[in-house]
Structures are given as structure tokens and as C-alpha cells.
1. Could you order Arg18, Arg90 by accessible surface area, starting with the largest, using a probe radius of 1.4 Å?
2. Within segment 37-128, list the GluC sites (Glu not before Pro) lying in a DSSP loop whose Cβ has at most 15 other Cβ atoms in a 10 Å radius.
3. I'd like the orientation of helix 18-37 relative to the chain: the angle between its Cα long axis and the longest Cα principal axis, in ° from 0 to 90, rounded to 10.
4. Quick check: at a probe of 1.4 Å, how many percent of the accessible area of segment 8-128 sits on carbon and sulfur atoms?
5. Rounded if a/c is under 1.5, else prolate if a/b beats b/c, else oblate: with a ≥ b ≥ c from the C-alpha gyration tensor eigenvalues square-rooted, which is segment 37-92?
6. Accessible area per residue, 1.4 Å probe, Å², for the chain: what's the number?
7. Roughly how big is the chain's charge dipole about its Cα centre, with Cβ charges of +1 (Lys, Arg) and -1 (Asp, Glu), in debye to the nearest 20?
8. Which value at 222 nm does the chain reach when only helices count, each DSSP H run of 4 or more adding -39,500 (n - 2.57), with the total divided by all residues and rounded to the nearest 500 deg cm²/dmol?
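The values are calculated or read from the model by the stated rules, or taken from the named source; none is laboratory data. Note that the coordinates shown come from a computational prediction; the quantities given were computed from them, not determined experimentally. Here the Cβ positions follow ideal geometry from the backbone for every residue, glycine too, while neighbour counts run over all protein chains shown. Heavy atoms of the whole protein, side chains included, go into the accessibility calculation; ligands, DNA and RNA do not. Shrake-Rupley method; radii C 1.70, N 1.55, O 1.52, S 1.80 Å.
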Amino acid sequence: YHQCRSDVDVWKPAKQNRERWKQTRFSIGATVAVATRAELAKMHPHPKLSSSNFCLAQPSQEYIVFTPTNDSFEVRGLVPDNKYEVQWYRLSERRVAAHDTVTAAGSTHIFTAPWAPAALHLRTLDSN
């Protein structure tokens, strides 16, 4: 239930906390956006599947990898010769900023984040 009195939103925090409130709202929105694209219910933390150590995955099917830097990192557990959809999230702007496909040459693939911090969403396009 949401109430507004005299054009004052009672759910808003005090003035000194409004910037943090705004960041929290945007983070929740970004989480919802990712949740609509990924099968989060089937994914679990798998830090060993990425050299960045920040990996949520359904191994061989779908990965969400966070990288705090724009250094190269490795994603492991891919199915060789499978084609994967690649989406890069520009976290500072809360949007998908790059989209591509890649065919796994082996069980690992090296990615380089185009900016930092970034999140990589990798999903198989093959039904195997």
C-alpha cells in the first residue's frame, strides 16, 4: 500500500539518503531486467567457472559473470562447438551495451570486458 500526502511520498528516505535510495532502485531494476533474460532459478554460484571468481551459472548452458576490471578473464565449462549468445552489461549505465555470438572452440573461452565494471551474460543457442 502506497500513500502520498500533500505531494510528499512517505516511502522516500530522508534527503541525505536519497542518492543511495536512487542507486538501490536502479539496482533492483537492473536485477529485474537480467531476471527476464536469464533462467535464474536454474543458476547457482560457480566461482570456479570463471577466472574472475564471480560467476552464476547453469554449467554449459548459461552464465552471468561479473568482472570489476576490463582485464581478460576465462569462462570454463562450455560445450565445444556450441554457439553462445554474448551480452555485455554496462553497469554504470544499467543497460545492455554490446551484443554478439561466439562459438566455443573448447571448454574454455577468454573474454575481455569492453569497460569496467561489467557483467557478461552468456547463453547457449544450441539445444543439445
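1. I get Arg18, Arg90, largest accessible area first.
2. Those satisfying the criteria are Glu39, Glu93.
3. Approximately 40 degrees, to the nearest 10.
4. That share works out to 54 percent.
5. Judged from the Cα gyration tensor, segment 37-92 comes out rounded (a/c under 1.5).
6. 64 Å²
7. 680 debye
8. Helix-only estimate at 222 nm: -5500 deg cm²/dmol.
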